[in-house]
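Read the structure below first, then the notes.
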Amino acid sequence: MSRISHQYRLVTATGAFFAWGAWAFLVNREPDVQHGYISGITQGMASFVITLLMVESVRLIALRVSPAYQLWLPPLLTASVN
């Protein structure tokens, strides 16, 4: 695995952690802020792992299909499973 691919996966997963974690925190912060933190961290971790799995599945499927299908088939198959 190349260094760029590894960095791309980490940046993408970290972005998902912060985006979805922040959303969960904002939605669940009332009436107790502690619930917001728990929800944000839980949703952020779940989004991090799911994003890593999805990026890896797109990469593995793209390696196994012909170049004509590499642009649209891997994301389509990955999204259909989720």
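Remarks
- Look at the stretch 66-77: where a residue is closer than 15 Å to E56 by Cβ, no partner that is outside any helix (DSSP H, G or I) and acidic (D, E) sits 6+ places away or on another chain with Cβ atoms under 8 Å.
- Condition met for G40 (over 21 Å from Q7 (Cβ atoms) and touching a Phe, Trp or Tyr at 6+ places or on another chain (Cβ under 9 Å)): yes
- The stretch 1-55, subset of a type in the set (V, I, T) and open to solvent by 100 Å² or more (accessible area, probe 1.4 Å), residue modelled with the highest pLDDT: V11
- Filtered residues of the stretch 56-82 (kept if over 19 Å from Y8 (Cβ atoms), open to solvent by less than 70 Å² (accessible area, probe 1.4 Å) and part of a helix (DSSP H, G or I)): L73
The values are calculated or read from the model by the stated rules, or taken from the named source; none is laboratory data. The structure displayed is predicted, hence computed values, not measured ones. Virtual Cβ from ideal backbone geometry, glycine too; neighbours counted across all protein chains shown. These accessible areas exclude ligands, DNA and RNA; they are computed on the full protein's heavy atoms, side chains included. Shrake-Rupley method; radii C 1.70, N 1.55, O 1.52, S 1.80 Å.
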